[in-house]
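Below is one structure, written out as structure tokens, with a few remarks after it.
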Amino acid sequence: MREIVHLQAGQCGNQIGAKFWEVISDEHGIDPSGTYHGDSDLQLERINVYYNEATGGKYVPRAVLVDLEPGTMDSVRSGPFGQVFRPDNFVFGENLNVKIHMYLKQADKIEIKGRNQKSSFPLDHNGVRVKKAFVLNVCTSYYT
């Protein structure tokens, strides 16, 4: 089965991504705490494409949220599905290039590299900043 690591970069990308997780969670019957409350087996059939199953039956988005400013991350965390993300999914701050590099080195690289099929990396962003292109280049070099 294919897995998708969803990359959200910048204010625009994180706003689009936050809405994306609201919609995809609703489609799969996942509530804002990450618990499944759906009513159909079809909702769980391919849930591992976008989510990792954590302890206690909680589902955590397979996502990396990136921005230079922590304010964007605070707004995602305070949103309707903000608590469903793991704290280490948020990468932000001044030395962003170094942080992204270190994060991706230790992230679930082993899990993804061990798969027979390559994962996908959708990137939500506004297409303006060069750093976002850097994020995509770093991610694809690590995971493909």
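The values are calculated or read from the model by the stated rules, or taken from the named source; none is laboratory data. From a predicted model like this one, the values you see are computed outputs, not experimental measurements. Every residue, glycine among them, receives a Cβ derived from its backbone with ideal geometry; neighbour counts consider all protein chains shown.
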query: Which of the residues spanning the range 53-101 are of a type outside the set (A, V, I, L, M), modelled with pLDDT under 90 and under 15 Å from Ile16 (Cα atoms)?
result: Asp67, Thr72
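Can you tell me which of Val64, Val49, Val84 is of a type in the set (Val, Ile, Thr), within 18 Å of Val5 (Cβ to Cβ) and touching a Gly at 6+ places or on another chain (Cβ under 6 Å)?
On the way: Val64 fails: touching a Gly at 6+ places or on another chain (Cβ under 6 Å); Val49 fails: touching a Gly at 6+ places or on another chain (Cβ under 6 Å).
On inspection, the qualifying residue turns out to be Val84.
If the requirement is being within 13 Å of Gln8 (Cβ to Cβ) and of a type in the set (S, T, N, Q), which of these qualifies: Ser75, Ser40? Talk me through it step by step, then tell me what you get.
Working: Ser40 fails: within 13 Å of Gln8 (Cβ to Cβ).
Checking each option against the conditions leaves just Ser75.
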